[in-house]
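Read through the structure below, which is laid out as structure tokens, and then see the notes.
Derivation of every value follows stated rules applied to the coordinates shown; laboratory data play no part. Everything quoted here is computed from the prediction, not taken from an experiment. Using ideal geometry, Cβ is built from the backbone for each residue, glycine included, and neighbour counts are taken over all protein chains shown.
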Amino acid sequence: MSNLTLLMSQTEQALQNIKQQQLPLLTQTTDWQSKYRILMQLGKGLPSFSPELQRDELLIAGCDSKAWLLHEFDQDSSRHYWAFDSEARIIKGLVTLALCQLNGLSASELTQINFQQLFALQGLQQNLSPSRQNGLHAVIKTLSMQAGLLD
Amino acid sequence: MNFDLAAFRAEFAFFDQNPDWVYLDNAATMHKPAAVVAAETEFYQKFNANVHRGAHQLSQQATQLFEQSRDTVAAYVNARSREEIIWCSGATAALNQLAFGLMGSVLQPGDRVLISAMEHHANIVPWQFHCQQHGVQLDVIPLTVNHQLDLAEFKRLLALKPKVVSVTQVSNVLGHIQPVAEMVQLAKAAGALTIIDGAQGVLLQQPDMQQLDCDFYVFSGHKIYGPTGIGVLYGRQETLELLKPLLYGGEMIQQVSFSGTTLNQLPYRLEAGTPNIAGAVGLAAALRWLQQWDQSAIALHKQQLLKQLYEGLAQLPGIELLSQSSKNAGIIAFNIEGEHHSDVAALLDQQQIAVRAGSHCAMPLFAAMHKNGAVRLSLAPYNTEQEIVRTLLAIKQVLEILHG
Ligand SMILES: Cc1ncc(COP(=O)(O)O)c(C=O)c1O
């Protein structure tokens, strides 16, 4: 298996674990400190990019920290997959949260997703204001472009 | 005179409107006292007209206010004459005018310009761009291990006979105060024209152009309690005459025909288009307002805050201080070991502490320090001891969240 394929499958695996184990915790906690702690734990669970995968062409422009996004469209299943890494922990946690909801969806399923609401469910909107997070917008925009949702 | 902090702070309506915030991003822009807001408002409400052109009394009145503002600035910086004060939109515009304006008139292919590794991009990129176009060599004064300018290297680079030396008075990232008076003397002795970027330094103490004796000094109004969009390019009259204008049109012109154009006298020659009239009036109001306070008491208060913050940070575990506390204008750059500056800033923002994080328009400085960024806390005299306590607690909280 190539490094890349390995990373994609490890990421998918990690997202399944995160969804089952950590995501419920995020919804249950109410204080912002614990939410941030869990959010960053979530990001930690997502595999990092090896130095040879931290390629400049995968960098997201407009991010305060270096952030890499890798996209793969699986022809056989017609499903979209991503892997993500960043030097900064909060952005990694937030994107992990987004990928929990997006990874492995088909193009038509992705069109049903309200990207504005990706962070609403976990009650992040009220106490973390992800929209203030520098660079998150750039990541979400790139993601939607890769999914063919934007031109 | 004593410093009445409560009275000083009460001049800033911003804090009434934003009582939950601690504002430590003063190096980016400062808040405006009531006197400045009132001066701008009054100008628009009572005196609004264009300057230097109307045939009516209203224009004459506006012109008078505008030119009185120039006099206020000239007196504030102890210029030799009002013609030495050129209005511009800010330090960036002034530095662009200088880099553009000296090419060809002063700088010829093969000549050298000397800047430092500590400069804001506004004092790097215009030089880089125009030097490359004109075949001029750009040299850079490196840093010492303590993140100060290396004066031995400066002297060595002066021996290469640069025609222009352009350096910052205070590092916008570290707060370190540079020995610009000494550097100006050395540069002049080496035959260079001298430019001081006073964007962060203008607040240190009232600048005295005749004493500092530099050829040019630039600053932005918004970093000295004034409005945004107004700034000052100070120059000695002889050296201002050397500048090729960057912009053409409007009052800077005396006579136009299609066979040629004659330019107006200084200072108008370098002020194309309708100026920021209300901004100039606002900046003059800021300087007058500032002079009503005891400067040494203000400075002492800021130094006490700096000490409190610096010592508090030094006591926290895992804090890496990039700034030194001595000869510091009130800025502390730091990192939390092993953590990204943007995470630290986000967790402070969450606690309503306004800071800046990143490379602060000074990427070469970070390259020289082998860092990819930092969190910057920048103080102003309206900050309070309680705000420092709250900031230190907030940083403690950040440490707990990141390590917990
Ligand atoms: C040292 C220094 N020079 C120049 C500038 C540019 O100032 P302005 O953005 O007001 O033009 C700044 C602003 O941060 C600065 O700190």
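Going from the residue with the fewest nearby Cβ atoms within 10 Å to the one with the most, B:CYS131, B:CYS88 rank B:CYS131, B:CYS88.
Averaged over peptide B:346-353, the number of partner chain Cβ atoms lying within 10 Å of each residue's Cβ comes to 4.
With n ≥ 4 as the cut-off for DSSP H runs, can you work out [θ] at 222 nm for chain B, using -39500 (n - 2.57) per run divided by the number of residues, rounded to the nearest 500? Before the final figure, lay out each step's value.
Working: 15 runs with 160 residues, N = 404.
Per the formula, -12000 deg cm²/dmol.
Bridges between two residues of chain B, per DSSP, are antiparallel at a rate of about 60%.
Cβ-to-Cβ counts within 10 Å put B:SER342, A:SER78 in ascending order as A:SER78, B:SER342, the fewest first.
Checking a compactness column here: for region B:37-290, what do you get for Rg(Cα) / (2.2 N^0.38 Å), N being the number of residues? Please list the in-between numbers first.
Numbers: Rg = 18.5 Å, N = 254, 2.2 N^0.38 = 18.0 Å.
For region B:37-290, the normalised Cα radius of gyration comes out at 1.03.
By other beta-carbon atoms within 10 Å, ranking A:THR11, B:THR29 with the fewest at the front produces B:THR29, A:THR11.
What is the ratio of the Cα radius of gyration of the protein assembly as shown to 2.2 N^0.38 Å, where N is its residue count, to two decimals? Numbers along the way, then the final one.
Working: Rg = 26.8 Å, N = 555, 2.2 N^0.38 = 24.3 Å.
Its radius of gyration relative to the 2.2 N^0.38 Å reference: 1.11.
Calculated mean residue ellipticity at 222 nm for chain A: -14500 deg cm²/dmol, from DSSP H runs with n ≥ 4 weighted as -39500 (n - 2.57), summed, divided by the residue count and rounded to 500.
FRET efficiency for the pair B:GLN185 and B:GLN304, taken as 1/(1 + (r/R0)^6) with r the Cβ-Cβ distance and R0 = 30 Å, rounds to 0.40. Charges were assigned to the Cβ only: +1 to each Lys and Arg, -1 to each Asp and Glu. The resulting dipole of region B:60-177 about its Cα centre is roughly 220 debye.
To check you understand DSSP bridge types, tell me what percent of the beta bridges within the protein assembly as shown (both residues inside) are antiparallel, rounded to 5. Antiparallel bridges: around 65 percent, rounded to the nearest 5. What are the lysines whose alpha-carbon lies under 24 Å from the alpha-carbon of B:LYS46, with same-chain residues fewer than 8 places away excluded? Result set, ordered by chain and number: B:LYS32. Mind checking which of B:PHE258, B:PHE129, B:PHE14 has the largest fluctuation in a GNM of chain B, springs on alpha carbons under 10 Å? Maximum among the listed residues: B:PHE258.
Looking at the square roots a ≥ b ≥ c of the eigenvalues of the Cα gyration tensor of region B:295-389, which shape do they give, rounded for a/c under 1.5, prolate if a/b is larger than b/c, or oblate? Prolate is the answer for region B:295-389, as a/c is 1.5 or above and a/b outweighs b/c.
Can you tell me the dipole magnitude for the protein assembly as shown around its Cα centre, using point charges on the Cβ only (Lys, Arg +1; Asp, Glu -1), in Debye to the nearest 20? Working shown, then result.
On the way: 37 positive and 48 negative charges, 80 e Å.
For this selection, approximately 380 debye.
Bridges between two residues of region B:74-220, per DSSP, are antiparallel at a rate of about 10%. Using the Cβ-Cβ distance between B:GLN254 and B:VAL389 with R0 set to 60 Å, the FRET efficiency from 1/(1 + (r/R0)^6) comes to roughly 0.50. Select from B:GLY330, B:GLY175, B:GLY318 the residue whose mean-square fluctuation is largest in a Gaussian network model of chain B (Cα-Cα springs shorter than 10 Å). Taking springs between Cα atoms under 10 Å, the residue moving most is B:GLY318.
Separation of region B:375-403 and region B:228-242, taken as the distance between their Cα centroids, equals 38 angstrom.
Mean separation of Cα pairs under 8 Å and 6+ residues apart, divided by the residue count of chain B: what relative contact order is that in percent? Kindly include the intermediate steps, with their values, before the conclusion.
Working: 753 pairs, mean separation 90.9, N = 404.
Over chain B, the number comes to 23 percent.
Per residue of A:82-88, what is the mean number of Cβ atoms on other protein chains within 10 angstrom of that residue's Cβ? Mind showing how you got there, number by number?
Details: counts 0, 0, 0, 0, 3, 7, 9.
Per residue, the average neighbour count from other chains is 3.
Taking the Cα centre of chain A as origin and charging only Cβ (+1 Lys, Arg; -1 Asp, Glu), how large is the dipole, in debye to the nearest 20? If you can, show how the numbers build up before the last one.
On the way: 11 positive and 13 negative charges, 123 e Å.
Dipole size: approximately 580 debye.
Backbone N atoms of region A:71-95 closer than 20 Å to the 7 Å Cα→Cβ label point of A:LYS19 belong to residues A:71-85, A:92-95.
Rounded to a whole number of µm²/s, how large is the Stokes-Einstein D of chain A at 4 °C and 1.567 mPa s, given Rh as the Kirkwood radius over C-alpha pairs?
Numbers: Rh = 15.5 Å.
Estimated via Stokes-Einstein, D reaches 83 µm²/s.
Across chain A, C-alpha contacts under 8 Å between residues 6 or more apart give a mean separation that, scaled by the residue count, equals a relative contact order of 25 percent. Placing a pseudo-label 7 Å from each Cα along the Cα-to-Cβ vector at B:GLN45 and B:LEU263 gives an inter-label distance of 4.0 nm. Checked against a 30 Å cut-off, the cross-linked pairs A:LYS66/B:LYS396; A:LYS44/B:LYS396; B:LYS161/B:LYS302 give Cα-Cα distances beyond that limit for B:LYS161/B:LYS302. Compared with the dominant principal axis of the Cα atoms in chain A, helix A:32-45 is inclined by about 20°.
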